[in-house]
Amino acid sequence: MKFDPQTVQNTFQSPLGAITLAASPVGLCGLWFDGQKHQPDTSAWPAAPHNHPVLRQAHDQLHAYFSGDTAAWTVPLDLRGGTAFQQAVWHALLAIPRGHTTSYGALSQRIGHPAAVRALGAAVGRNPVSIVVPCHRVLGKDGALTGYAGGLDRKTALLQLEGAL
C-alpha cells in the first residue's frame, strides 16, 4: 500500500475497540481497528487537527453507524494506494448493500475474474478502509464467517449490527 505523504491520522473509540482513521488530501484512506492485520505503521503520520473535514465526517458517520443509523456513507474515499486489481475489488465491495452478504466466489465473478478467488480474498483482506468499504460482508461459499483482518468477533458484531446475521 502506498499512502499520500500528506496523510494525517486520529483515533475513534468504537464499541468494538479503538479505530485509527487516516485521511489524505483526497479523502479517507484508512480505517483500521487497533491490532488489525495489515495495518500500516501510522506513527509517522501527524495527528490531524480536531476540525479536519474528512476525519470529522468519518467520526460523525461512524458514530451514527454504531448507533444503528442506516444512512449511506458519504465520506470521500481515497483508495489510490492499492493496485488496480485491489481497487477493483474494493469498489466492488462498495456495491454490497447493508444487511446483505456475498461470497468470495460471487464477488470474483462480479469483477470479471472468476478464477481469481484467492487473489480476491487477499485484496479483501488488505482493504484499507474497513467498515466503510464493507469487506465484512464477504462470506465463505457456504455462508461461513471466514477471514476478517479485524477479527471474526468484530465481523460477527458488524453483520449483526447491520441485520445480516
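The values are calculated or read from the model by the stated rules, or taken from the named source; none is laboratory data. Values in this document were obtained by computation on a predicted structure and should not be read as measured data. With ideal geometry, Cβ positions are generated from the backbone for all residues, glycine too; neighbour counts draw on all protein chains shown. To get the accessible areas, we keep the full protein, side chains included, count just its heavy atoms, and leave off ligands, DNA and RNA. Shrake-Rupley method; radii C 1.70, N 1.55, O 1.52, S 1.80 Å.
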Taking Cα atoms only, helix 84-93 is inclined relative to the longest principal axis of the chain by an angle, in degrees rounded to 10, of 80 degrees
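Report the extension gain between A72 and Q39 in nm, rounded to one decimal, defined as 0.36 nm multiplied by the number of residues separating them, less their alpha carbon distance. The partial results should precede the final answer.
On the way: separation 33, 0.36 × 33 = 11.88 nm, distance 2.48 nm.
Length gained between A72 and Q39: 9.4 nm.
Considering only protein heavy atoms, what per residue accessible area in square angstrom results for the chain with a 1.4 angstrom probe? Let's see the in-between values first.
On the way: 7890 Å² over 165 residues.
Per-residue accessible area for the chain comes out at 48 Å².
How big is the convex hull of the Cα atoms of the chain, per residue, in Å³?
Numbers: hull volume 16.7 nm³, N = 165.
For the chain, the hull spanned by Cα atoms encloses 101 Å³ per residue.
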With all protein chains in place and a 1.4 Å probe, D41 shows an accessible area in Å² (nearest 10) of 120 Å²
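Grab the other residues whose beta carbon is less than 12 angstrom from that of T70, score K and R as +1, D and E as -1, and report the net.
Taking every Cβ under 12 Å from that of T70, the sum is -1.
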Simple SL model, points at 7 angstrom along Cα→Cβ for Q109 and H50; separation in nm is 5.2 nm
One finds, for T156 and Q13 with R0 = 22 angstrom and r their Cβ-Cβ distance, a FRET efficiency to the nearest 0.05 of 0.65
Residues other than C29 with Cβ under 14 Å of its Cβ, Lys/Arg counted +1 and Asp/Glu -1, net out at +1
Carbon/sulfur accessible area of the chain, % of total, 1.4 Å probe, equals 54 percent
Excluding residues fewer than 8 positions from K2 in its own chain, the aspartates and glutamates with Cα under 19 Å of it are D41, D78
Interchain or sequence-distant (5+) residues whose placed amide H lies within less than 5 Å of the amide H of L77 are L28
